[in-house]
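Have a look at the structure below, then the notes.
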Amino acid sequence: MTITDLLKNLQSGKATASVYLIMGQMAYFQRRLKTAFKQLIPAEEQTMNFASYDLEAVPLAVGLDDAMAAPFFGERRVVCLDNPTFLTGETKKSKVDHDLDSLEKYLKAPMPSTVLVFFAPYAKLDGRKKIVKQLKKAATTIELGDFSERDVRTFFQAQVKRDGCTIAPDALNELVQRTDADLTLMMNEKAKLELFSLPEKTIQLEAVTGLVRQTLTQNVFDLVNRVLAKNTAGAVTLYRELLQAKEEPLRINAILQGQFRLLIQTKVLAKQGYSQGKLASTLRVHPYRVKLALQTQRRFQLTDLNRAYLGLFRVERQMKSSTLDPELLFSLFMTQFAGQKATV
């Protein structure tokens, strides 16, 4: 079953299964589906017959107890279970103990009047686990694969058109850039942009630049370009602006390292003949980020990318081991990287 089919069924009040497994990291569709499942229950019954539990904070047994209860003055009950990390290969010790034996028993004979939904926002599950095999066998599974940049553009334009508006090509380009082609972020901005476009009902570039903030990742990508261009003044200015926006220095540094690591990996693998699609799947990175990395890495030598990457590790170590001002450390890193003499 596709997400489109499932949404149609839910919107018409139909739930064709007792257990559903929603997989994938598309937060926008995860939210839409949860809302649609909730609306299976009449508004006046939702307080008693709809429940949602975060399994990172609540034991699985609590959700299963709810699922096994008969609906209260209604025809059915909907129980949503978020973040079932026990379905993944994650080895980190969970803060909550989960009774998987009880889940196995429930899956063998689900409560007919309950719709139990697992929302698993992960790229993949650990197929070797017994509980994963049993859940996939018992549940109707919907996989929310990552959208390509083209898919994101098409979907967003269709949603804007459905609302009786349009978006100018340069405005769409800017929106994609500022949100890293993240459909969830784009949809979060849609209502605001459409309202600003009145009465013409065409979203223009000025609306996007004025209303939509760049993500931290996109700001850091701009910072990467300034670093590689050895534009010390420009890089330090943008770094200062990020600090003034209350971004954590260690977080900025970690994302910088990640961007340079991606550039290095992309450059090395591209030389081995990897396509954009194969790079995205191999590195498990959104195709839009790979596209930007491919465009950037061509302009720079591998030696410069390595120097910057190692330099940022030194900055991280100094941030953690000294009381020196982060902006000073970054300024000294830039001075050294740009080829000027400086000491810390």
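Taking 1.567 mPa s as the viscosity and 4 °C as the temperature, the Stokes-Einstein diffusion coefficient of the stretch 1-104 based on its alpha-carbon Kirkwood radius rounds to 87 µm²/s. Largest first, the three principal axis extents of the alpha carbons in the stretch 206-344 are 43, 40, 24 Å in whole numbers. The listed residues 32, 284, once ranked by accessible area (1.4 Å probe) with the largest placed first, stand as 284, 32. State the label only: which of (1) 19.9, 62; (2) 19.7, 58; (3) 24.1, 77 corresponds to Rg and Dmax of the Cα atoms in Å computed from the shown model? Here Rg and Dmax of the Cα atoms in Å agrees with entry (3). Put a dot 7 Å past the Cα of residue 196, heading toward its Cβ, do the same for residue 250, and the two dots end up 3.5 nm apart. Restricting the stretch 67-135 to chymotrypsin sites (Phe, Trp or Tyr not before Pro) that sit in a DSSP loop and have at most 14 other Cβ atoms within 10 Å of their own Cβ leaves 72, 73. All C-alpha to C-alpha distances of the stretch 190-272, sorted into 5 Å bins beginning at zero, yield P(r) values of 3, 13, 18, 16, 13, 12, 12, 8, 4, 1, 0 percent in whole numbers. If you take the Cα centroid of the stretch 26-105 and the Cα centroid of the stretch 184-213, the two points sit 35 Å apart.
A straight chain from residue 222 to residue 137 at 0.36 nm per residue would run longer than the Cα-Cα distance by 26.0 nm. For the stretch 138-252, the Cα-based Rg and Dmax, in that order, read 17.1, 59 Å. In the elastic network of the chain, a GNM with C-alpha springs shorter than 10 Å, the most mobile of 299, 178, 31 is 299.
Can you figure out the FRET efficiency of residue 27 with residue 336, using R₀ = 45 Å and their beta-carbon distance, to the nearest 0.05?
Approximately 0.70, to the nearest 0.05.
Surface calculation, 1.4 Å probe, protein heavy atoms: residue 325 sits at approximately 80 Å² accessible.
In the context of the full protein assembly, residue 327 retains an accessible surface of approximately 40 Å², using a probe radius of 1.4 Å and ignoring ligands and nucleic acids.
Distance between the C-alpha centres of the stretch 151-170 and the stretch 272-335: 33 Å, rounded to the whole angstrom. By the rule of a C-alpha distance below 26 Å, with chain neighbours fewer than 8 residues away ignored, the lysines paired with residue 271 are 230, 291. Among the protein heavy atoms of the chain, carbon and sulfur supply 51% of the accessible surface, probe 1.4 Å, non-protein parts ignored.
Per residue, how much accessible surface does the chain expose to a 1.4 Å probe? Answer in Å², no decimals. Each step should come with its number before you reach the end.
Working: 17990 Å² over 344 residues.
With the other protein chains kept in place, the chain gives 52 Å² per residue.
Annotation: residue 16 carries an accessible surface of approximately 90 Å², with a 1.4 Å probe and no ligand, DNA or RNA atoms counted. If the segment from residue 282 to residue 129 were pulled out straight at 0.36 nm per residue, it would be longer than the present Cα-Cα gap by 52.7 nm. Shown here for the stretch 1-100: GluC sites (Glu not before Pro) in loop regions (DSSP other than H, G, I, E, B) with at most 16 other Cβ atoms within 10 Å, namely 56, 75, 90. Under 16 Å of direct C-alpha separation, and excluding same-chain neighbours fewer than eight residues apart, residue 133 reaches these lysines: 105, 108, 124. Could you list the residues of the stretch 264-285 with an amide nitrogen less than 13 Å from a label point located 7 Å from the Cα of residue 302 in the Cα-to-C-beta direction? Backbone N within reach: 264-273.
The values are calculated or read from the model by the stated rules, or taken from the named source; none is laboratory data. None of the values given here were measured: they were computed from a predicted structure. All Cβ positions, glycine included, derive from the backbone under ideal geometry; neighbour counts span all protein chains shown. We work out accessible area using only protein heavy atoms, side chains counted, and drop any ligands, DNA or RNA first. Shrake-Rupley method; radii C 1.70, N 1.55, O 1.52, S 1.80 Å.
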